[in-house]
2 protein chains.
Amino acid sequence: MRLMQTVEFKNKPRIIATGTVAGPKECAGIVGKHVDKTLDDDKFGESTYEKAECKMLAFAISKTIENAGLQDKDVDMLVSGDLLNQIISASFAARDFDFPFLGIYSACSTMSESMAIAAAFVNAGYAKKIVAATGSHFSSAERQYRYPLELGNTRPPQSQWTVTGAGGALIADKGSDIAITHATFGKVVDFGITDVNNMGAAMAPAACNTILKHLKETNRTPDDYDLIVTGDLGALGSRILKDLTWEKGVDIQKNHVDCGEIIYNVVEKEFQGGSGAGCSAVVFNSYIMDKLKKRTINRVLFAATGALLSTVSSGQGESIPCISHVIAIENM
Amino acid sequence: MRLMQTVEFKNKPRIIATGTVAGPKECAGIVGKHVDKTLDDDKFGESTYEKAECKMLAFAISKTIENAGLQDKDVDMLVSGDLLNQIISASFAARDFDFPFLGIYSACSTMSESMAIAAAFVNAGYAKKIVAATGSHFSSAERQYRYPLELGNTRPPQSQWTVTGAGGALIADKGSDIAITHATFGKVVDFGITDVNNMGAAMAPAACNTILKHLKETNRTPDDYDLIVTGDLGALGSRILKDLTWEKGVDIQKNHVDCGEIIYNVVEKEFQGGSGAGCSAVVFNSYIMDKLKKRTINRVLFAATGALLSTVSSGQGESIPCISHVIAIENM
């Protein structure tokens, strides 16, 4: 028989520092006062959006290490991935650093997958200091997944806006009070949604699946957490998640928040809010982490969510399989 | 200071079964007598090459579980990735199975990265049974990375032929004599090669880097291994690897073999041999594993190699960053 999907980390690996960067549109919202760097120019001085995305991710990794008071030579590993084909942002960012690199892909749940793997490795003693990081860029995502920006396509009301930003976290064996206590590894869930503009609806069942599994396996309730943070379900996806969990007899209403739903101040062209691997990477590693550091909140369940589609799979008539990896974070 | 890149697995996780499938061209070569299934039709009854690739991977996962005498409900996790954009083969294959999924991307070093993560998780007691798997398809790779097949482009002599095939391995806490004793996690190495038809030359320095690091950190020599198996350097890349290691004072000449160099019998249109994530997945999990089971060989160093480029990175003038993750396998 299978073991549980949840692993408890007995050695309580710590998040000792984070590093974040975001674009001007993102920094007009709640993360503006919390990120390490706000970009005035969303090309970050580069000639292409893809190079800008890679530079943001490399910046987030460097800043994370710097904020931990460490140098590159102290870091044992980087766990990273991103949305671009063949995760080039992560691979090319990793080239800048002289430590081992584990490439992962989990779409917009990359932040929690990378933190879960990093915590698992640190907990087992394989490493003492691992950087988990990811990011995304509105313009490179539009170009790859949707239409040329120059076309000026109208966006449907159920759509979200890919976040321009990157974030990293340094997971270590000691060095702070903020510990990763559990990881619940998600299964692929596909509810048959085929509308690529409605990612929130596609991802909500995956978030529901792993969150409920986590609560059941740890014998906890939503009240055990000050915040249950999903990645980028957006406003519509968040409503669906609340409905789905409610139907299963679990009420997450009063302590659920979605990074995509809260990242933008003015919901005008962003409709349902933010999305992209950078969304939860920026919100969690700046806004949420600052609350944890100040002990405004002490227990967080972080469930980033990923839609595992590609333009080819959609073009071939496939629906959108989704996943959510969950980690539990606690102030000791 | 950083820890070593090499992790020793004290609990010696085992490879208890493998499962493989390959196309007709591949099965005309050395793997023909060793794979579980030979495809007569490289579309595997599907309407597209991408769907065929996904079906091969799902077959390899199922066959691995069946060959281990297990059922899906016994498996704790799948660690998988592939070459297609957003690793759709792995994600859609994972949808068929009701166990957690860790998506990874490491190009053609996916087989050793997935086995390394699986062994790390089993060794730490997070899981008892994990399937590590990957695959590739000549026609989906050509379409995505190069030219439409219908164009009939001439291939340059330094090129390799993407393997149509998939392979999986079941890593468990017990159940066979074949153990994964070490993993050495690779760094990204970029020697400035920009010719996307010359992957072997680009990847050889990465293989050299991790293999030498492994030997140094374990205080071993090439003679401690019956075989040092690289993934898909091909004939030219293998020669470069031998030169590079020789220059560093390490002679791997007499026990080195490259999956890409040996997979095809007739080197006519394949030039330097095979490549793709499926290359080492098929050769290692069929041909090499059969030798380990028969104890013809007892100690293998497996260094799959990956080129972390995309069509966008090459189009924007970037060189090819490469990586190699290494695992040591030993008959107990």
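Laid out as a table, the results:
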read-out	value
Flag for A:SER91 being facing another protein chain (nearest Cβ under 7 Å), farther than 19 Å from A:VAL122 by Cα and either modelled with pLDDT of 95 or more or more than 17 Å from the chain's Cα centre (by Cα) (or both)	yes
Breaking point among (1) more than 21 Å from A:GLN86 (Cβ to Cβ); (2) within 14 Å of another protein chain (Cβ to nearest Cβ); (3) in contact with a Pro (Cβ under 7 Å, 6 or more places away or on another chain), for A:PHE271	(2)
Residue in region B:194-213 that is crowded, with 18+ Cβ neighbours inside 10 Å, in contact with a His (Cβ under 8 Å, 6 or more places away or on another chain) and under 16 Å from B:SER112 (Cα atoms) present	yes
Among (1) facing chain B (nearest Cβ under 7 Å); (2) assigned to a loop (DSSP other than H, G, I, E, B); (3) closer than 22 Å to B:SER80 by Cα, the one test that A:ASP98 misses	(3)
Residue check, A:ILE297 under 19 Å from A:LYS213 (Cα atoms) and either touching a Leu at 6+ places or on another chain (Cβ under 9 Å) or among the aliphatic types (A, V, I, L, M) (or both)	no
A:MET115, sole failed condition from (1) farther than 26 Å from A:SER313 by Cβ; (2) buried (at least 24 other Cβ atoms within 10 Å of the Cβ); (3) free of Cβ contacts under 8 Å to residues at least 40 places away in the same chain	(3)
Members of region A:68-82 found to be facing another protein chain (nearest Cβ under 8 Å) and out of contact with any Phe, Trp or Tyr (no Cβ under 7 Å at 6 or more places or on another chain), listed by number	A:LYS73, A:ASP74
Subset of region A:231-254 (residues that are within 15 Å of A:SER324 (Cα to Cα) and either of a type in the set (S, T, N, Q) or outside the structural domain of A:TYR287 (by TED's automatic domain parsing) (or both))	A:SER238, A:THR245
Total residues in region B:30-43, condition surrounded by fewer than 21 Cβ atoms within 10 Å (Cβ to Cβ) and not in a helix (DSSP H, G or I)	8
Unmet requirement for B:ALA133, which otherwise passes all of (1) over 28 Å from B:LYS25 (Cα atoms); (2) more than 10 Å from chain A (Cβ to nearest Cβ)	(1)
Positions within region A:111-123 being among the polar types (S, T, N, Q) and at the interface with chain B (Cβ under 9 Å from one of its Cβ atoms), in sequence order	A:ASN123
Set A:GLY249, A:GLY276: member being surrounded by 24 or more Cβ atoms within 10 Å (Cβ to Cβ), closer than 23 Å to A:THR184 by Cβ and at pLDDT 95 or above	A:GLY276
Total residues in region B:5-36, condition farther than 22 Å from B:ILE65 by Cβ and acidic (Asp, Glu)	2
Qualifying residue in region A:84-94 (condition: assigned to a loop (DSSP other than H, G, I, E, B), over 18 Å from A:TYR287 (Cα atoms) and of a type in the set (Phe, Trp, Tyr))	no
Check on A:GLN86, facing chain B (nearest Cβ under 7 Å) and either under 19 Å from the mean Cα position of the chain (by Cα) or within 26 Å of A:LYS25 (Cα to Cα) (or both)	yes
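Each row is one residue, and each column tells you yes or no for (1) more than 16 Å from A:ALA304 (Cβ to Cβ); (2) in a loop (DSSP other than H, G, I, E, B); (3) among the small types (Gly, Ala, Ser).
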{"position": "A:ALA132", "(1), (2), (3)": "no, no, yes"}
{"position": "A:GLN158", "(1), (2), (3)": "yes, yes, no"}
{"position": "A:ALA166", "(1), (2), (3)": "no, no, yes"}
{"position": "A:THR181", "(1), (2), (3)": "yes, no, no"}
{"position": "A:ASN209", "(1), (2), (3)": "no, no, no"}
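Okay, residues lined up against (1) aliphatic (A, V, I, L, M); (2) out of contact with any strand residue (DSSP E or B) (no Cβ under 7 Å at 6 or more places or on another chain); (3) not assigned by TED's automatic domain parsing to the domain that holds B:SER319:
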{"position": "B:ALA141", "(1), (2), (3)": "yes, no, yes"}
{"position": "B:TYR145", "(1), (2), (3)": "no, yes, yes"}
{"position": "B:ASN153", "(1), (2), (3)": "no, yes, yes"}
{"position": "B:PRO157", "(1), (2), (3)": "no, yes, yes"}
{"position": "B:GLY168", "(1), (2), (3)": "no, no, yes"}
{"position": "B:PHE185", "(1), (2), (3)": "no, no, no"}
{"position": "B:VAL188", "(1), (2), (3)": "yes, no, no"}
{"position": "B:PHE191", "(1), (2), (3)": "no, yes, no"}
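The values are calculated or read from the model by the stated rules, or taken from the named source; none is laboratory data. Predicted model, so just to flag it, every value in this text is computed and none were measured. Virtual Cβ from ideal backbone geometry, glycine too; neighbours counted across all protein chains shown.
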